[in-house]
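Structure first, commentary second.
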Amino acid sequence: MESLEQLHRQLDSLEELRTIVKTMKALSAASVRQYEQAVKALDGYYRTVERGLHVVLKSTSTIPFAALNTHQPPRLGQSRHAQRLGSIVFGSDHGLCGRFNEDITTYALERMQSTPADPSNHVLLAVGARVAANLEHEGHTVEDIFLVPGSATQITLSVQQILLKIDEWREQSNVHYVYLFYNRHSGGKGYRPTGFELLPVNLHRFHRLEEEVWPSRSLPTFTMNHEQLFTRLLRQYLFVTLFRACAESQASEHSSRLSAMQSAQRNLDEHLEEVTLTFRRARQNVITSELLDVVSGFEAITKTPLI
């Protein structure tokens with residue numbers, strides 16, 4: 001049986017661990033809200049860019065494919081399956097978030113096998129040291145590892161670095177397809193692994209806006225060169241898509257960590273209650289033993305004959 005000192009030290013350790021878990025839970029809850037607001041704030045801008053692309057596409061059909069990284073047919077003698085794939089996988093730098101990194105790693109590797117590009121000839125960029133370690137554990141070489149943004153305000157810098165890396169891939173590594181893989185926040189404590197083809201951009205998806213009612217009375221017009229306008233809008237579209245993927249991944253990470261911390265706190269509370277009961281029983285036994293010693297000593301003294 002453990003001594004009172006050992007039980008007391010165990011109680012102190014559990015209380016300290018419980019404080020840490022509660023702090024992490026509070027930080028995760030605040031972070032989830034922060035990234036959810038970032039995604040929500042981005043929706044309006046995303047819709048504006050999307051409508052702008054729709055208007056420019058509707059106005060002209062002479063935009064060059066190659067200059068704008070859009071869908072284009074393979075070159076003569078080149079198979080679609082032979083074109084190179086670049087994958088960007090969003091994960092975490094820290095643990096204690098359940099199977100967050102394992103789930104997106106498994107999903108990304110499965111989806112990469114079904115892309116039009118050659119799955120054996122690809123380059124990988126990991127956003128997060130943990131997901132990079134998982135990918136390398138599965139036998140894949142990660143070309144670059146970017147740190148996960150520490151806050152919503154730092155996402156912009158990370159996205160700019162990713163865009164520069166994509167440009168480098170396309171210019172120097174002959175990458176034609178670029179896919180994003182991230183855990184999409186589904187509200188509450190859940191997330192869903194998601195894959196998205198970033199490049200080439202499928203321009204046909206913007207034509208679906210034809211079915212929607214324009215939000216204002218006057219139809220939009222523009223006076224600047226349509227190719228320049230389309231190029232700028234397309235770059236904003238790529239930026240917003242990457243920004244949203246990063247924010248969604250961060251919201252999912254903190255949501256998963258919040259769930260893990262809530263489960264850890266429940267387990268700690270149960271264990272703390274058990275140790276507390278054990279400590280109280282052990283303390284009561286010690287007190288009882290001491291009282292019996294006092295009583296026995298008193299009886300021994302009172303029964304001793306006086307000389």
Given the criterion more than 24 Å from G91 (Cα to Cα), among the basic types (K, R) and out of contact with any strand residue (DSSP E or B) (no Cβ under 7 Å at 6 or more places or on another chain), identify the matching residue among R244, R266.
R266
Failed condition for S151, given (1) of a type outside the set (V, I, T); (2) at pLDDT below 95; (3) surrounded by 14 or more Cβ atoms within 10 Å (Cβ to Cβ), with all others met?
(3)
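Restrict the check to the stretch 29-41 and report whether at least one residue is of a type in the set (D, E), free of Cβ contacts under 8 Å to residues at least 60 places away in the same chain and either farther than 19 Å from L96 by Cα or touching a Gly at 6+ places or on another chain (Cβ under 9 Å) (or both). I'd like the intermediate steps shown before the answer.
In the first step, residues of the stretch 29-41 are kept if they are of a type in the set (D, E); the result is 36.
If we keep only those that are free of Cβ contacts under 8 Å to residues at least 60 places away in the same chain as well, we get none.
Looking through the stretch 29-41, none of the residues is of a type in the set (D, E), free of Cβ contacts under 8 Å to residues at least 60 places away in the same chain and either farther than 19 Å from L96 by Cα or touching a Gly at 6+ places or on another chain (Cβ under 9 Å) (or both).
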Filter the stretch 11-28 for residues that are crowded, with 16+ Cβ neighbours inside 10 Å and not β-branched (V, I, T); the one that is nearest to H254 (Cα to Cα) is S28
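Being of a type in the set (D, E) and either farther than 26 Å from C97 by Cβ or over 52 Å from the mean Cα position of the chain (by Cα) (or both) is the filter here, so list the residues in the stretch 264-296 that pass it.
Within the stretch 264-296, the subset of a type in the set (D, E) is 269-270, 273-274, 290, 293.
Within the stretch 264-296, E273, E274, E290, D293 meet the criteria.
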Kindly indicate the residue of the stretch 212-239 that is modelled with pLDDT of 80 or more and of a type in the set (K, R) and also farthest from the chain's Cα centre (by Cα) among those meeting that condition.
R232
For S186, only one of the following conditions fails: (1) hydroxyl-bearing (S, T, Y); (2) modelled with pLDDT under 90; (3) under 21 Å from the mean Cα position of the chain (by Cα); (4) closer than 15 Å to G86 by Cα. What is its number?
(4)
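The values are calculated or read from the model by the stated rules, or taken from the named source; none is laboratory data. Please read these numbers as outputs of a predicted model, since none were measured by experiment. Backbone-built Cβ (ideal geometry, glycine too); neighbour counts: all protein chains shown.
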